[in-house]
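Peer 1: Please read through the structure below; I'll follow up with questions.
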Amino acid sequence: MANEVFLQLIEKLKTAHLRAVFLWDGPPQWWQTALADFSGNLSPCLRLGGADSADSAEVTRYRDYLGESYQEVILDLSAGLNYDALAALHGTVTGGGCLHVILPAASPSSQRLTGWVEKFATVQHLTPTDNIHRQLETMLAAVAQYPARRHPDKPSEQQSTVIDALIKNIESPNLLIADRGRGKSTAAGLAIRKLLQQNTGVSTDLKVVVTAPRRRAAATLLEHAGTQSNQLTFVAWDRLLRDNLNHANELLVIDEAGAIPQHILKQLLAKFNVWIMTTTVDGYEGSGRGFAIRLQREVTQTMAGKSLSLTEPMRWAPGDPAEQWLANALLMNSQPPAKPSVTTENLSLQHCHASELDEQQLTDCFALLMEAHYQSSPNDLRLLLDDTDQQLLLAVHEQKCVGVVWLATEGPLPAELHQPIVSGQRRPPGNLLPQTLAYHFQLAEVLAHKWLRVVRIVVPEHIRQRGIATSLLNECERIAEQAGCLALGTSFGGTTGLLEFWQKAGYQLVRQSQKLNMASGYAAVTMLKPVQPFAGELTLLNTAAELAQAERQWRHQGALTATISTDLLLLLERQLAAFIDGSVTLPDIQFSIILWAQVTGRLPLPLQQSLQQPIALAEVAKQAGLRSQAELSETLRGLLQKQL
């Protein structure tokens, strides 16, 4: 009987060009049986999650399906909610289709999804005690009230306007921003087709190159662009950056730009004549609203380009309740509060957990976090709601959140994990500060302490330089001291401006990664500020800061310090011993080897000089007459073992 009503519902959804969402909340034996009456009626169908299902992909692969369209998506999140995957795959369901979400055990983040259900006609929360047949009939009656809508078979007025604007401006970049389902890839593809058609018979030199995170992600754009044209080609972005060809007569189109690392986009913009970039602002592509705002500013102000947008949905009807449900549940349309006049005199600070905030406070707070960070995403909200180790410190003005610090309590870790972490055999999720310090400096002691990490600090640009950030950080110190933490710390992509900000706040640089972060394009740095002045471990951390400063001086100025403290020499020897036994890799230990050799003179001079050059380790190996970096590592291990 439920199946008959469901089929009627599907017909009504297709007529109204709306979508249905079903949240399945119960034991597997129940929802698997009940869902069988629903699934299989629509095609194409996508299944993600569920370890026992051979035809399901892993939930973490959700980005592979961006840009595609399905009539049915079954998303099994019973092992744990993934707001990013939910947001992304929700947008792949077309009008007349259904999204089935299998919920995990109750949590604040799952209750946020079910709590908004009653407000939206095409979303249902299903449990074993519910009368599903009656719920379907209720939904059917509600959908019947919506007017019939034809699925658009030609560009909308908005799309046509955007297409014309793109063709009129091929001399500078155009950033096309839109929420999922607005037809931005379609519009970009049609603009390419129209430009090449207009160019036919005029010039054969003009070519359009399309790139994207994956070719599959650009399928819609390429389909509408007309892939038969010999003036159009798809090239992966890494290949584009590697080649040395002349691209003077080529226009580059970047689809799903938010899923391409920020520093890669900068390189593409510098090397090519970028014509169009498409992106969303919701964060599940890999970069969030902060990224889009920065890119928009770069394109319009620095590069004299244009920013264009599409607001009318094409994949489903305007006012689709399923879209409104998701936007409310995941705070995807949240906007920062209006610009007030704020000083530290009329400010109050509120230390809390996200689950304690009312809806308006949570909305204001999350809007600030989303807009300020280049890599913000819906999963940030899930983590803040569910993890009791995540905290918020709000700066409140007239009941509005005007500044926020996201804090994470880390450590102590169980004693049985200390040695596996120090030796690099284990890296449990979270606990970034103690694990980074323990591994890189071979300091098992730090794992026995509690730490407080500043994950993000946000003060809107228009009210900076008024002491608000300072007030927030001072309060963070008080919170850390009260909680018995050894130190406050933070880790971020180390731009000059951010380093200066944290140093001014009294934080010491203790670690700079040798690898660039793929998202930011900057090396990650770790900075600390002790809050327990008499802890013995702080001497070791001060020594780590001495090492970090020496390395930064060498990398930026090419100068090596001639003298080091006894404590630093002991720390270096501790690190080298870990390298000898294979716990630490050569890239992580390279500078420590250089500094130790400089001070002690115990490495062959030609090898020491090669290591000091700003070249890849594979080239160092070649200069030393060795075949590879691996052979260089083994040679150094042997030499150091004889000396220590």
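The values are calculated or read from the model by the stated rules, or taken from the named source; none is laboratory data. Fair warning: this is a prediction, and the values are worked out from it, not measured in the lab. We place every Cβ from the backbone using ideal geometry, glycine too, and count neighbours over all the protein chains shown.
Peer 1: Does segment 169-177 include one or more residues that are assigned to a helix (DSSP H, G or I) and touching a helix residue (DSSP H, G or I) at 6+ places or on another chain (Cβ under 8 Å)?
Peer 2: no
Peer 1: Here is a further query. Could you list, in sequence order, all residues of segment 209-260 that are touching a Pro at 6+ places or on another chain (Cβ under 7 Å) and either at negative phi or not assigned by TED's automatic domain parsing to the domain that holds Ser172 (or both)?
Peer 2: If the condition is that a residue be touching a Pro at 6+ places or on another chain (Cβ under 7 Å) and either at negative phi or not assigned by TED's automatic domain parsing to the domain that holds Ser172 (or both), then Ala259, Ile260 are the ones that fit.
Peer 1: Looking only at segment 178-218, count how many residues are of a type outside the set (S, T, N, Q) and assigned to a strand (DSSP E or B).
Peer 2: Summing the residues that are of a type outside the set (S, T, N, Q) and assigned to a strand (DSSP E or B) in segment 178-218 gives 5.
Peer 1: Go through Gln391, Gln335 for me and flag whichever is in contact (Cβ under 8 Å) with a residue 24 or more places away in the chain, assigned to a strand (DSSP E or B), of a type in the set (S, T, N, Q) and in contact with a helix residue (DSSP H, G or I) (Cβ under 9 Å, 6 or more places away or on another chain).
Peer 2: Unique residue meeting the criteria: Gln391.
Peer 1: Tell me, please, whether a residue that is within 30 Å of Arg427 (Cα to Cα) and not small (Gly, Ala, Ser) can be found in segment 599-609.
Peer 2: no
Peer 1: Now, a different point. So which of Ala505, Ala535, Ala545, Ala524 is at pLDDT below 85 and on the phi < 0 side of the Ramachandran plot?
Peer 2: Going through Ala505, Ala535, Ala545, Ala524 in turn, the sole match is Ala535.
Peer 1: Yes or no: Ala178 in contact with a strand residue (DSSP E or B) (Cβ under 6 Å, 6 or more places away or on another chain) and more than 17 Å from Asn249 (Cα to Cα)?
Peer 2: When the stated conditions are applied, Ala178 passes them.
Peer 1: Is there a residue in segment 27-34 that is outside any loop (DSSP other than H, G, I, E, B), closer than 25 Å to Gly319 by Cβ and assigned by TED's automatic domain parsing to the domain that holds Leu99?
Peer 2: No, that holds for no residue.
Peer 1: If you go through segment 393-423 one residue at a time, how many are in contact with an Asp or Glu (Cβ under 7 Å, 6 or more places away or on another chain), more than 20 Å from Ser491 (Cα to Cα) and of a type in the set (A, V, I, L, M)?
Peer 2: Matching residues across segment 393-423 total 0.
Peer 1: Would you point out which residue out of Leu7, Leu48 is surrounded by fewer than 18 Cβ atoms within 10 Å (Cβ to Cβ) and either closer than 28 Å to Arg216 by Cα or out of contact with any Phe, Trp or Tyr (no Cβ under 7 Å at 6 or more places or on another chain) (or both)?
Peer 2: From the options Leu7, Leu48, the qualifying one is Leu7.
Peer 1: Give just the number: which of (1) of a type outside the set (S, T, N, Q); (2) closer than 15 Å to Glu551 by Cβ; (3) in a loop (DSSP other than H, G, I, E, B) does Leu595 not satisfy?
Peer 2: (3)
Peer 1: Can you find a residue that is under 17 Å from Leu488 (Cβ atoms), in contact (Cβ under 8 Å) with a residue 24 or more places away in the chain, touching a Pro at 6+ places or on another chain (Cβ under 8 Å) and of a type in the set (Phe, Trp, Tyr) anywhere in segment 441-464?
Peer 2: For segment 441-464, residues under 17 Å from Leu488 (Cβ atoms), in contact (Cβ under 8 Å) with a residue 24 or more places away in the chain, touching a Pro at 6+ places or on another chain (Cβ under 8 Å) and of a type in the set (Phe, Trp, Tyr): present.
Peer 1: So, Ala621, is that one of a type in the set (Gly, Ala, Ser) and over 23 Å from Leu541 (Cβ atoms) or not?
Peer 2: Spelling it out, Ala621 is indeed of a type in the set (Gly, Ala, Ser) and over 23 Å from Leu541 (Cβ atoms).
Peer 1: I've got another one for you. Contact list please: Cβ distance under 8 Å, first residue in segment 124-153 and of a type in the set (Lys, Arg), second residue assigned to a loop (DSSP other than H, G, I, E, B), pairs at least six apart or on different chains.
Peer 2: Close Cβ pairs (under 8 Å, with a partner that is assigned to a loop (DSSP other than H, G, I, E, B)) amount to Arg149/His17; Arg149/Ala317; Arg150/His17.
Peer 1: Further question on the same structure: If you take the residues in segment 540-562 that are assigned to a loop (DSSP other than H, G, I, E, B) and among the aliphatic types (A, V, I, L, M), which one is farthest from Ala524 (Cα to Cα)?
Peer 2: Going through the qualifying residues, I end up with Ala562.
Peer 1: Would segment 61-73 turn up any residue that is of a type in the set (Ser, Thr, Tyr) and part of a helix (DSSP H, G or I)?
Peer 2: Yes; the residues of segment 61-73 include at least one that is of a type in the set (Ser, Thr, Tyr) and part of a helix (DSSP H, G or I).
Peer 1: Now a separate question. So which of Phe22, Phe6, Phe38 is among the aromatic types (Phe, Trp, Tyr) and part of a loop (DSSP other than H, G, I, E, B)?
Peer 2: It is Phe38.
Peer 1: Of the residues that sit in segment 498-539 and are of a type in the set (Val, Ile, Thr) and part of a strand (DSSP E or B), which one is farthest from the chain's Cα centre (by Cα)?
Peer 2: Selected residue: Val510.
Peer 1: When you go through (1) at pLDDT 90 or above; (2) loosely packed, with under 14 Cβ neighbours inside 10 Å; (3) under 22 Å from Leu136 (Cα atoms); (4) not small (Gly, Ala, Ser) one by one for Arg61, which number turns out not to apply?
Peer 2: It is condition (3) that Arg61 fails.
Peer 1: Kindly establish whether Glu477 is crowded, with 17+ Cβ neighbours inside 10 Å and out of contact with any Lys or Arg (no Cβ under 6 Å at 6 or more places or on another chain).
Peer 2: So Glu477 passes the test.
Yes/no matrix, rows are residues, columns are (1) surrounded by fewer than 22 Cβ atoms within 10 Å (Cβ to Cβ); (2) assigned by TED's automatic domain parsing to the domain that holds Pro530; (3) touching a strand residue (DSSP E or B) at 6+ places or on another chain (Cβ under 9 Å):
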{"residue": "Thr436", "(1), (2), (3)": "yes, yes, yes"}
{"residue": "His440", "(1), (2), (3)": "no, yes, yes"}
{"residue": "Trp451", "(1), (2), (3)": "no, yes, yes"}
{"residue": "His462", "(1), (2), (3)": "yes, yes, no"}
{"residue": "Thr496", "(1), (2), (3)": "yes, yes, no"}
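Peer 1: Next question, about the same structure. How about segment 139-172: which of its residues are surrounded by 14 or more Cβ atoms within 10 Å (Cβ to Cβ) and over 30 Å from Met303 (Cβ atoms)?
Peer 2: Met139, Leu140, Ala142, Val143, Tyr146, Arg149, Pro152
Peer 1: Hey, can you tell me all the residues within segment 405-422 that are under 30 Å from Glu371 (Cβ atoms) and free of Cβ contacts under 8 Å to residues at least 60 places away in the same chain?
Peer 2: Trp406, Ala408, Glu410
Peer 1: Within segment 97-111, is there a residue that is at positive phi and in contact with a Ser or Thr (Cβ under 9 Å, 6 or more places away or on another chain)?
Peer 2: Within segment 97-111, not a single residue is at positive phi and in contact with a Ser or Thr (Cβ under 9 Å, 6 or more places away or on another chain).
Peer 1: I've got another one for you. In segment 397-429, what residues are of a type outside the set (A, V, I, L, M), crowded, with 18+ Cβ neighbours inside 10 Å and not in a helix (DSSP H, G or I)?
Peer 2: Of everything in segment 397-429, those that are of a type outside the set (A, V, I, L, M), crowded, with 18+ Cβ neighbours inside 10 Å and not in a helix (DSSP H, G or I) turn out to be His397, Cys401, Gly403, Trp406, Thr409, Glu410, Gly411.
Peer 1: Continuing with this model, one more query. Limited to segment 214-269, what total is found for residues that are under 20 Å from the mean Cα position of the chain (by Cα), touching a residue at least 40 places away in the same chain (Cβ under 8 Å) and over 19 Å from Thr280 (Cβ atoms)?
Peer 2: Qualifying residue count, segment 214-269: 2.
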